[in-house]
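What follows is a set of notes on a single structure, which appears directly below.
The values are calculated or read from the model by the stated rules, or taken from the named source; none is laboratory data. None of the values given here were measured: they were computed from a predicted structure. Please note: Cβ atoms are built from the backbone with ideal geometry, for glycine as well, and neighbour counts cover all protein chains shown. Accessible surface is based on the protein model in full, side chains and every heavy atom, while ligands, DNA and RNA are left aside. Shrake-Rupley method; radii C 1.70, N 1.55, O 1.52, S 1.80 Å.
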Amino acid sequence: MFAYIVRRLIYAIPILVGVNLLTFTLFFVVNSPDDMAASQLGDKYVTPEAIENWKQKNGYDKPLFLNPDAAGVAQLTDTIFFDKSVRLFAFDFGRSESGRDITTDVATRMWPSLAVALPTFLVGIGVNICVALMVVMFRGTRLDRGAVFVFVALMSISYLFYIIGGQFLVAKTWRLVPISGFHTEGQVWKFLILPVLVGVVAGIGAGARWYRTLFLEEANQDYVRTARAKGCSELSILFRHILPNALIPILTGVVVLIPSLFMGSLLIESFFGIPGLGSYMLDAINSQDFAIVRSMVFIGSILYIIGLLLTDISYTWADPRVRLS
Amino acid sequence: MLFRLAAPRTRAAQLLIGAALLAGCTDGPWNNPNPESPPGLVTYQSVMTPLPPKHLDPALSYASDESLFLMQIYEPPMGYHYLKRPYELLPLGVEDFPQITYINAEGETIDPEAEDVAYSVYELTVRADARYQPHPAFAVDDRGAPRYLFADASESRPYRQISDFPELGSRPVAANDYVYAIKRLADPFNASPMLGFMAQYIVGMEDFSARLKDVPRDGWVNLDDYTMDGLQVVDDRTFRITIKGRYPQFSYWLAMHFFSPIAPEVDRFFHNPGFLDRNLTLDWWPVGSGPFMMVKNDPNSEIVLERNPNFREDYFPMEGAPGDAEQGLLEDAGKRLPLIDRAVFRLEKEVLSLWTKFLQGYYDRSGESHGNTNRVFDQAFVVGPNGVELGAELASHGITVSPDVKPAIYYYGFNMRDPVLGGYSEERRKLRRALQIAFDTEEYLNIFYKGNGIAAQSPIPPGIPGFVEGEAGINPYVYDWVDGAPKRKSIEHARQLLTEAGYPNGRDARTGEPLKIFIDVQSQAISSTSMNWMDRAFGRIGVQVEYRPADWNRTREKLLTGNTQIFSHGWLADYPDPENFLFLLYGPESPLICKCDGANNASYERPEYDELFRQMRILPPGEERDALVARMVDLYREDAVWLFGYYPKDIYLNNPWVHNNKRHGISKNTLKYVRIDDDLRERKREEWNQPVIWPLYAMSALLVALLLPGIIAYRRRLRATARQ
Amino acid sequence: MKPVILWSDALIFLLVISLALFFWRLRNDPQTRERWAEVFSSRLGMVAFTVIAAYIMVALLDSLHFRRALENPESLATEEVFYDNKVTSVFDVLTGGMGERFERTYSAPFALLSFEKENIKDADGHDIRDFPPLRHAGQHLSHPDERAGDILGKSVRALLWGLLLCALVITPQWLLLRGSRFPWLASWTTQAVILCSAVWMVSLSRHYHILGTDQGGADVLFQSLKGIRTGVLLGTLATLVMLPIAVTLGVMAGYFKGWVDDVVQYLYTTLSSIPGILLIAASVLLFQVYIDLNPDFFAVGMEKADAKFIALCFILGVTSWSTLCRLIRAETLKISQLGYVQAAHAFGVSHTRILGRHVLPNVVHIILITFVLDFSALVLAEAVLSYIGVGVDPSMGSWGNMINGARSELSREPTIWWTLTGAFFFMFVLVLAANLFSDLVRDAFDPRTSLRRASA
């Protein structure tokens, strides 16, 4: 098991290098170091000297991938790419283009993201399972078909509408909760109600539909039929037999998402003014802050790889027949 | 349980959204998004939008949303009178206006009127009562050595933000601090946006900058160890700046935050090892002598300013502009400033939440950093001929409006070197004038800016000397004076001009090809609705329009290389002088000529204009100068250099408890004048934020409605199975 | 008149033709026929398909572009014909100029007066400030109070015309398909509803703005309709663009195994590990720069917007190809283990032949399912991308751009709700139909679900 994890982590390295190479290429084609300097320095009186100074100060005065002036290995290492990406592997994200320390920012912004994403995730699973169970009780009836239709309809509404609608009704018209914002002094939950509610409601369609399929799959298994033949009540079949067995595919399905909870949700965070990593990313895209985007891509990739790893491990845990080797 | 929830009792409904909310009922409305402010302190609640400031180092920052903070914390040598218009320059951090002496190349003092002025020397004396805010950088131990100097990063680790330092200190502002600040502008390591520009004027700046380039940067470099020829500290409170030649506008520059004093020990403090990694830098924690000091800087959520206890004695002005007294702007005359204790600026990105919170009374004033124009807050009001018309809800809230025309101009310019539209022949002028007339600026402003702007008759906005009101001030090529107001010339006239220019009906008289104009726009700054509108505007004279949208970097590149036909640009005044606007048309400022980031993006070159500009630049204000300015404006109109321009209006919307809201177009240090009626605020917030409860009942009823049939059906089914 | 063929036009017609050919070829395959029959044997499937078909029709009509010729003034000696730089589509013409009736600024649905006050002259010639009448709404009314009756009357008349049109369209179908085992009635009902509302919209929009106007005074209903083309094209072209890459790589990886498999797996793991939104944003910016730097490639602005649109489709395709690639790889692995494929190997049949004969036909159903499943996700993604600022060009109407613009309109007092409503409605109907349809397709084609039904 341990050896497996180590090997998987070593496999991750070429992937991360590839990710870095790709982000670098993309961003430097879009934005030369000169452009970056110009947009960071503002729009009045930008002189070539100021641009040179900025590049030197921020370490963009070297060639991108290959340094023909250097000797030997330094041809590859004395470049912007090497400088900027090697440090990532030591989790030293350096400084954003506007001069802030990214590691500090990520570490502080991670928690608000988690504060929204985790309740949304947990409550979402809970609600979805409940709804799905209720629907499964009526499998094969008109109610079931109606519910599936409603799920599909809920899925067909753009996420933006859920957010806009939620803010407009709950916060603006009914004044029940603050429309947006986040601060840790006092009642944090006040700010979490609406984003979590919106996140959960927006997820019911797809989630409940998926769980319904899983439950149905279990409900058609032989052991359920046996249980019913034994005379178990419908309720105990549902909770004693179907639910525990269906939990295995649910678990292995959602485990991949857990690490990415740290990244937060781009839309929810920017609409509700939550200072998490999602809005961090959006700001970085908008201001074309390459250093932040690079770091976030890197973190995102690592979390994704961890998610895959967790999925594998959860399989062995849920099903003892599976061995990792 | 279910039935209890559905019972029509308030408590039950509250239970539904969680017992937690119940606890929340105790401190005011449920939807209060602001953290509790410390009791006894009057706190001004405002926003920063849409992004937090990037730089708060006065040497680095050059953005108006940043100077909103800097100008509350720092006091540059000069400032402006809060109420008087036209803008009046006043000494702020110094005792008096600068004493200017003129010297010739030989170093002899000469008469100001003399021809051979080589240098001007500005002598300034620091206010005796100016003191820095309490700050750990000034803290000293028993032996007088700085308290917080660390040898390595591990020592400084426990300190994560400024409030972690228990010991504070302060000292009076010294003349050397101003000198130190100017040296910081020159230090190439700081990459100040002012360096290139100021080096043209301040003696020795370029030299100084070159010398410092090679200084090794390991920790703090004490700039006091290096001298700059143009800077001289006379005594503790007096210093001199020498600039090349004559440059009367330099006094205005002294009112900008670049020239605020920086104490060397503060600079040293922030160069402690390990501080940079925790964002403990001067760029994030400004330290000044102004009315406020920064106590919290969390760019992810809020910036908090608090009253600087060491702020000098400063009083509300006793007199204002005509009409100010009637508007109640002098009610606080003579009171000690600042009038509030604390100011919180919260980050707000979404328009809907910004607007909602303002309407709910959680923000005191809107338009602090964004001016309410341009799709941010413009939705709720319209600027009509009789001033601002508020929407019904705003009016019922008693919200007041303080408009001010910004000393700024936004314009679409022609590239004067363009083979189709550029050039100085009479045909080309007529062609450009036809386009000018076709673009109905007034209508454009009404539709897209809610009338928050004034169509420009010249490059000089109102409030700046050289702006002429009334009939004499109109652009006679585009407007007629009808019934006491400017009236745009008719479309027929534009068609006529177009025909004379060789494009009858918008078609080239020789080839028959339709005239197509290309407008370079910034993709973020333009909407498809306004593009459609422009299509129709030019369509009226048969001209076709093509847009070339690009992001800011690309647009800038096009401007620098002259690869454009019609471009959009804007200019916000640095200081209230026509020179700051007319240089937008000064030939040598063209990026194609100076090979720099010049401001004359139209590449307008007319020798007469350039000569007039050189004369005007060094003249003191007066009739002679006004005549030159008028002549330059005439030339601009004759050559029809810009397609259209407008002076944007800035508007504060104030909740009824906020007082002293007069906008100042140039100076940002007006927060100290703001007064807040705390009791009224509390009352109104309570009144406006009564939650609507029925949806909670409705929701619980719906939940029951969904659950009940389920349960009933389930039971029936159970019975059915049982019977089987 | 000069036809203009934009890249996206060409691609969408190519797609339609190839789909038609594909189904033509499949008609003899009994298994596939059976599966499709299953999809269409439900009424829901019929309705959903009809709605999608209607959207696709609109998209196709809106993809027939041309430029109008300008009239040469008499003074001009030349015979040469010049064209307007505005590109018009057949659909624009069919709406009866709905998009050409501009107001000054906002107006509410069916309003007669503008939404904003203006300086106007009253009957006595005094300057007053009031809501001015609209230029293109209710001109024929002699008194504002007649409006309700007028709308009703016009609606009834439009409905009658609509029914006439329905009769024309549906009767031939009825004659042809009578006695078919499919629930055609459901489709005809849907067709009738769509046709009647289309006639109603076109005829009423001549007298009113059904969904009001936006800030620039443009008709919101027309904008929402224009959004159809963008939505449909984005949903289909993105998948189309990524198909060749995903299929080639997936089949190669599953078939050749070894290092090819390693490389392909590395590629898709790398790509899918990058947070999608960042990859999309970066790529979109990249394409924009390219387009900005080469403005000479595009004669009219529409072509530029179109190039950006194709680029966006391509990027969305590339970022989502990894799922399809993975599925195809797994399926190919499975197929290549089958006895008859092994046998073909043993007989020395060439790789190309095995791939073409045995492997490709057997992964087609995966492609189909992905195609249908991704469609609605892509339509929804467009709105989010517009919010982030990397969506389709603003000059190209899209629901995402409408929603994005309407966000701030909600904060107005009184609220401007109609832009949002228009975009919401048309988007919702399309995505709902696509989702329902994709459910049925998946049920019919996914071996797992068919198996389940067999055992149930």
Only listed residue being surrounded by fewer than 20 Cβ atoms within 10 Å (Cβ to Cβ), more than 11 Å from every other protein chain (Cβ to nearest Cβ) and over 21 Å from residue A:159 (Cβ atoms), chosen from A:261, A:257, A:310
A:310
Can you find even one residue in region C:275-294 that is open to solvent by 10 Å² or more (accessible area, probe 1.4 Å) and more than 12 Å from chain A (Cβ to nearest Cβ)?
yes
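Can you work out which of the residues in region A:86-95 that are of a type outside the set (Val, Ile, Thr) and not in a loop (DSSP other than H, G, I, E, B) is least open to solvent (accessible area, probe 1.4 Å)? Lay out the reasoning, then the answer.
Pass one, region A:86-95, residues of a type outside the set (Val, Ile, Thr): A:87-95.
Filter once more, keeping what is not in a loop (DSSP other than H, G, I, E, B): A:87-89, A:95.
Numbers: A:87: 114, A:88: 1, A:89: 82, A:95: 69 Å².
Only one residue tops the list, namely A:88.
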Against the condition assigned to a loop (DSSP other than H, G, I, E, B), modelled with pLDDT under 80, touching an Asp or Glu at 6+ places or on another chain (Cβ under 8 Å) and within 14 Å of chain A (Cβ to nearest Cβ), how does residue B:57 come out, does it pass?
no
Given (1) open to solvent by 30 Å² or more (accessible area, probe 1.4 Å); (2) outside any helix (DSSP H, G or I), identify the lone condition not met by residue A:98.
(1)
The conditions are (1) hydrophobic (A, V, I, L, M, F, W, C); (2) closer than 18 Å to residue B:47 by Cα; (3) at pLDDT 80 or above, and residue B:376 fails exactly one of them. Which is it?
(3)
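Yes/no per residue for (1) more than 14 Å from chain A (Cβ to nearest Cβ); (2) under 16 Å from residue B:662 (Cα atoms):
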{"position": "B:333", "(1), (2)": "yes, yes"}
{"position": "B:338", "(1), (2)": "yes, yes"}
{"position": "B:343", "(1), (2)": "yes, no"}
{"position": "B:350", "(1), (2)": "no, no"}
{"position": "B:357", "(1), (2)": "no, no"}
{"position": "B:366", "(1), (2)": "yes, yes"}
Exception for residue A:279 within (1) surrounded by 18 or more Cβ atoms within 10 Å (Cβ to Cβ); (2) polar (S, T, N, Q); (3) at pLDDT below 85 falls at (3)
Go through the residues of region B:560-573 one by one and say whether even a single one is touching an Asp or Glu at 6+ places or on another chain (Cβ under 7 Å), assigned to a loop (DSSP other than H, G, I, E, B), within 30 Å of residue B:621 (Cβ to Cβ) and more than 14 Å from chain A (Cβ to nearest Cβ).
no
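Matching residues to (1) open to solvent by less than 20 Å² (accessible area, probe 1.4 Å); (2) in a loop (DSSP other than H, G, I, E, B):
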| site | (1), (2) |
| --- | --- |
| B:310 | no, yes |
| B:313 | no, yes |
| B:318 | no, yes |
| B:324 | yes, yes |
| B:329 | yes, yes |
| B:339 | no, yes |
| B:345 | yes, no |
| B:356 | yes, no |
Of the conditions (1) within 25 Å of the chain's Cα centre (by Cα); (2) more than 30 Å from residue B:44 (Cβ to Cβ); (3) assigned to a loop (DSSP other than H, G, I, E, B), residue B:603 clears all except one; give me its number.
(1)
Scan region B:440-460 and report the pairs whose first residue is away from chain C (no Cβ under 12 Å) and whose second residue is of a type in the set (S, T, N, Q) and not in a loop (DSSP other than H, G, I, E, B), with Cβ atoms within less than 6 Å and a gap of 6+ or a chain change.
B:455/B:441
Under the condition of being over 21 Å from residue A:275 (Cβ atoms) and charged (D, E, K, R), which residue from region A:85-112 is farthest from the other protein chains (Cβ to nearest Cβ)?
A:87
Residue A:1: passes all of (1) within 14 Å of chain B (Cβ to nearest Cβ); (2) surrounded by fewer than 16 Cβ atoms within 10 Å (Cβ to Cβ) but (1)
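Which one of A:83, A:69, A:78, A:61 is under 29 Å from residue B:278 (Cα atoms), among the acidic types (Asp, Glu) and open to solvent by 70 Å² or more (accessible area, probe 1.4 Å)?
A:61
Would you check which residues across region B:506-530 are hydrophobic (A, V, I, L, M, F, W, C), within 9 Å of chain C (Cβ to nearest Cβ) and surrounded by fewer than 18 Cβ atoms within 10 Å (Cβ to Cβ) and list them? Write out each step before concluding.
Going residue by residue through region B:506-530, those that are hydrophobic (A, V, I, L, M, F, W, C) are B:509, B:515, B:517-519, B:521, B:525-526.
Subset that is within 9 Å of chain C (Cβ to nearest Cβ): B:509, B:518, B:526.
Selection gives B:509 alone.
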Evaluation of residue C:11 against (1) more than 30 Å from residue C:189 (Cβ to Cβ); (2) in contact with a helix residue (DSSP H, G or I) (Cβ under 7 Å, 6 or more places away or on another chain); (3) open to solvent by 60 Å² or more (accessible area, probe 1.4 Å) (one fails), failing number
(3)
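Taking region C:262-273, which residues are over 13 Å from residue C:321 (Cβ atoms) and open to solvent by less than 20 Å² (accessible area, probe 1.4 Å)?
Step one: filter region C:262-273 for residues over 13 Å from residue C:321 (Cβ atoms), giving C:262-263, C:265-266, C:273.
Within region C:262-273, C:273 is the sole residue that qualifies.
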Counting only residues that are in contact (Cβ under 8 Å) with a residue 40 or more places away in the chain and open to solvent by less than 10 Å² (accessible area, probe 1.4 Å), which one in region B:634-643 is farthest from residue B:63 (Cα to Cα)?
B:639
Please verify whether region A:151-163 includes one or more residues that are closer than 30 Å to residue B:29 by Cβ, in contact with a Ser or Thr (Cβ under 6 Å, 6 or more places away or on another chain) and assigned to a helix (DSSP H, G or I).
no
Report, by residue number, each residue of region B:165-198 that is without any contact (Cβ under 8 Å) to a residue 40 or more places away in the chain, open to solvent by 20 Å² or more (accessible area, probe 1.4 Å) and under 15 Å from residue B:289 (Cα atoms).
B:168
Take the residues in region B:699-724 that are at pLDDT 80 or above and open to solvent by less than 50 Å² (accessible area, probe 1.4 Å); name whichever of them is nearest to residue A:236 (Cα to Cα).
B:704
